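Before any comments, here is the structure.
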Amino acid sequence: MSSESLSEVHHSVSTNKRKGWKRILAFLGPAYLVSVGYMDPGNWATDIAGGSKFGYQLIWVLLMSNLIALLLQSLSARLGIVRGLDLAQASRQAYPKWVNLPLFLLAQTAIIACDLAEVIGMAIGLQLLFGLPLIWGISITLLDTILLLFLLNKGMRAMEGFIVSMVFIVGLAFLAEMFIVEPAAGEILKGLEPSMLSGDALYIAIGIIGATVMPHNLYLHSSLVQTRKIERSNKGIREALKFNLIDTTVALNLAFFVNAAILILAAAAFYRNGLHEVAEIQDAHKLLDNIFGSIAPTLFAIALIAAGQSSTVTGTLAGQIVMEGHINLRIQPWLRRMLTRLLAIAPAFFTILHFGDDALGELLVLSQVVLSLQLGFAIIPLIHFTSDKKLMKNFAIRPWVKVIAWASALLIVALNVKLVVEEIGIWSKGTNSWAIYVLVVPLAVLIALLLLYVFVRPLVPSLSSHKTIVPHGDALDIGSVDKINYEHVGIAVDFSRNDRNTIRHALIQGGKDAHYYLIHVVETAAARYHGARVMDHETQSDQENLQKYIDNLSALGFDASAQIGFGGTARAIATIAKEKELDLLVMGAHGHKGVKDLIFGTTVDAVRHRVSIPVLIIR
């Protein structure tokens, strides 16, 4: 088992064999997967609100947010390239276990919040384009799990190609929108000049900054850059850092273009027409239809679906990274992604069923508040890790970069804290204000104390101790090698052509001194219900086949007996192995994978986790 969080794709893209511009292209891709997080429906909501209410005034806020994102994403890529660790793994190495568990829970909650926004956005897009009810649109998003498994099986380049095509669709749709709404170029350039903000403009600016740098993107980028196989020398690492900076710059500038296009679209279509209170995505679509006809809203809906689709793919990948990095827990990829999606869909379903479709807008805002809570827990460790000269050596960030990074972190954390405090203040004025003071406020205080500890620990030498991550323990001295005599050998058979090979390998292990137990499990419905009492046709046929094997082995001079199990294959085989006190279990593997595993099951994996004896798998 690999120690990397994305073990399916790490070091899967070779760069050493390519020369010239093809070598540069080999490094391009990870930042595009990350960039879609900067174009999700949460960003759309803040961009539409800012453009409709203040015209082009807040474009400079978008630009500043993009520059901060560019800095932090480049630090994330640097961590992954230089140390070969993603942000979650580095946190597990630097902080104690009791800190990593809440860090994982916070990161996973933020990912679910992101996924929730993307699920809602895609459902809204499907409704706008096809008239599909929101609850059906949310249900369809479950298919993203199957899509992600398919893309992973096709390789990293296939996944990157899919994401880039989605980003291209979004960009193309908004480029077409720009020609339709005909924005004023002079006013756009004026909007790039920084201006003093107050009142609602400041609040929306906080929302834009808070929705721009997302914590899951930092985890994701530090892992995805490791998909490139590079030369582990000073020259190779410097080259990888340079090319990944190019990748990040191009991808995030594209994300800036999309967000600026949404804000410009809202300014040209709504602000210029006196419609200053457009905050809902559905409202924007309707107004576009009223002002410009059917083409503009159709392009808008297509872009929304593409943005939601691509963002959900990267969100589930980030879920894998934080789970395996922070708490070193590995589960089946399809199960992990299904759980992430279900946890995101559940609140959306609940909101629609109990509060109606109109409440989804408020749920989007809540998801951004939840997201903002986790930002500091990703940014602060990232700056600490990339500043550490002991671990980063001559690739540690320079002092001036460190100053800008800490200033950016302080700005983001302060603005997000302000946003959270204001939201809590609003909630406390509601009918159930006691619940806010009893549950939400204490939780917010605990989270703030944890954030303070995450910041302080690396600065205090007595507290800071870097432990080496060794996922599978240290190598041991083999010592002397003595012959192992197996006296009781189990052989799982299924009467397929694989049996001959399986039995032959088992006989080689035990020789003629061992006793062989030929194990077969009857899986009929009657066998599952009646167990050993069943004597249906399949059971009788299986007994006859086992006897043929035994007679054949006896003729060859081997001692064998039959063991029939009933019901679940893995459980039955493991039970027989314990009852007969087997020394060795030999099983055949059919070699199916992917979707076939979901259909036919993974008996070998299930059995080896249930028994404590050696299991020999024959292919």
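Those helices (runs of 4 or more DSSP H) of the stretch 35-96 in which 3 or more residues are modelled with pLDDT of 85 or more and in the same structural domain as Tyr271 (by TED's automatic domain parsing) occupy 59-83, 87-94. Taking first residues from the stretch 538-561 that are under 18 Å from Val521 (Cβ atoms) and partners that are part of a helix (DSSP H, G or I) and modelled with pLDDT of 90 or more, the Cβ contacts under 6 Å between residues at least 6 apart in sequence or on separate chains come to Ala560/Ile550; Ala560/Leu553.
Residue-wise test of (1) modelled with pLDDT of 90 or more; (2) assigned to a helix (DSSP H, G or I); (3) more than 22 Å from Ile617 (Cβ to Cβ).
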position	(1), (2), (3)
Asp494	no, no, no
Ile503	yes, yes, no
Gly510	no, yes, no
Lys548	yes, yes, yes
Gly565	no, no, no
Ala570	no, yes, no
His590	no, no, no
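Being modelled with pLDDT of 90 or more and farther than 20 Å from Ile237 by Cα is the filter here; which residues of the stretch 364-383 pass it?
Pass one, the stretch 364-383, residues modelled with pLDDT of 90 or more: 379-383.
Residues satisfying the conditions are Ile379, Ile380, Pro381.
Lys19 meets each of the listed conditions (1) over 26 Å from Leu450 (Cα atoms); (2) modelled with pLDDT of 80 or more apart from (2).
Applying the criterion of being touching a Leu at 6+ places or on another chain (Cβ under 7 Å) and part of a helix (DSSP H, G or I) to the residues of the stretch 326-344, the residue that is modelled with the lowest pLDDT is Pro333. For first residues located in the stretch 381-404 and without any contact (Cβ under 8 Å) to a residue 12 or more places away in the chain and in the same structural domain as Tyr453 (by TED's automatic domain parsing), partners that are of a type in the set (A, V, I, L, M) and surrounded by fewer than 19 Cβ atoms within 10 Å (Cβ to Cβ) and lie 6+ apart or on another chain with Cβ distances below 8 Å form the pairs Lys389/Ala396.
Residue-wise test of (1) under 30 Å from Gln374 (Cα atoms); (2) in the same structural domain as Asp86 (by TED's automatic domain parsing); (3) modelled with pLDDT under 70.
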position: Phe162; (1), (2), (3): yes, yes, yes
position: Phe174; (1), (2), (3): no, yes, yes
position: Gly186; (1), (2), (3): no, yes, no
position: Leu189; (1), (2), (3): no, yes, no
position: Glu193; (1), (2), (3): no, yes, no
position: Ser198; (1), (2), (3): yes, yes, yes
position: Pro215; (1), (2), (3): yes, yes, no
position: Tyr219; (1), (2), (3): yes, yes, no
position: Leu224; (1), (2), (3): yes, yes, no
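Within the stretch 486-510, residues that are of a type in the set (Gly, Ala, Ser) sit with their Cβ atoms under 7 Å from residues that are crowded, with 17+ Cβ neighbours inside 10 Å and in a helix (DSSP H, G or I), at 6+ positions apart or across chains, in these pairs: Gly490/Ile576; Gly490/Ala577; Ala492/Ile573.
Could you say whether any residue in the stretch 134-157 is over 22 Å from Ile230 (Cβ atoms), at pLDDT 80 or above and either out of contact with any Pro (no Cβ under 8 Å at 6 or more places or on another chain) or outside the structural domain of Ile209 (by TED's automatic domain parsing) (or both)? Break it down stepwise before answering.
Of the residues in the stretch 134-157, the ones over 22 Å from Ile230 (Cβ atoms) are 134-151, 153-154.
Of the ones still in play, those that are also at pLDDT 80 or above are 136.
Keeping just the survivors that are either out of contact with any Pro (no Cβ under 8 Å at 6 or more places or on another chain) or outside the structural domain of Ile209 (by TED's automatic domain parsing) (or both) gives 136.
Yes, there is a match, as at least one residue in the stretch 134-157 is over 22 Å from Ile230 (Cβ atoms), at pLDDT 80 or above and either out of contact with any Pro (no Cβ under 8 Å at 6 or more places or on another chain) or outside the structural domain of Ile209 (by TED's automatic domain parsing) (or both).
Determine whether Ile599 is assigned to a helix (DSSP H, G or I), of a type outside the set (Gly, Ala, Ser), modelled with pLDDT under 75 and on the phi < 0 side of the Ramachandran plot. Against the criterion (assigned to a helix (DSSP H, G or I), of a type outside the set (Gly, Ala, Ser), modelled with pLDDT under 75 and on the phi < 0 side of the Ramachandran plot), Ile599 qualifies.
Take Glu231 and tell me if it is touching a Phe, Trp or Tyr at 6+ places or on another chain (Cβ under 9 Å) and within 15 Å of Val82 (Cα to Cα).
no
The values are calculated or read from the model by the stated rules, or taken from the named source; none is laboratory data. Bear in mind the structure is a predicted one, so any value in this text is a computation, not a measurement. Using ideal geometry, Cβ is built from the backbone for each residue, glycine included, and neighbour counts are taken over all protein chains shown.
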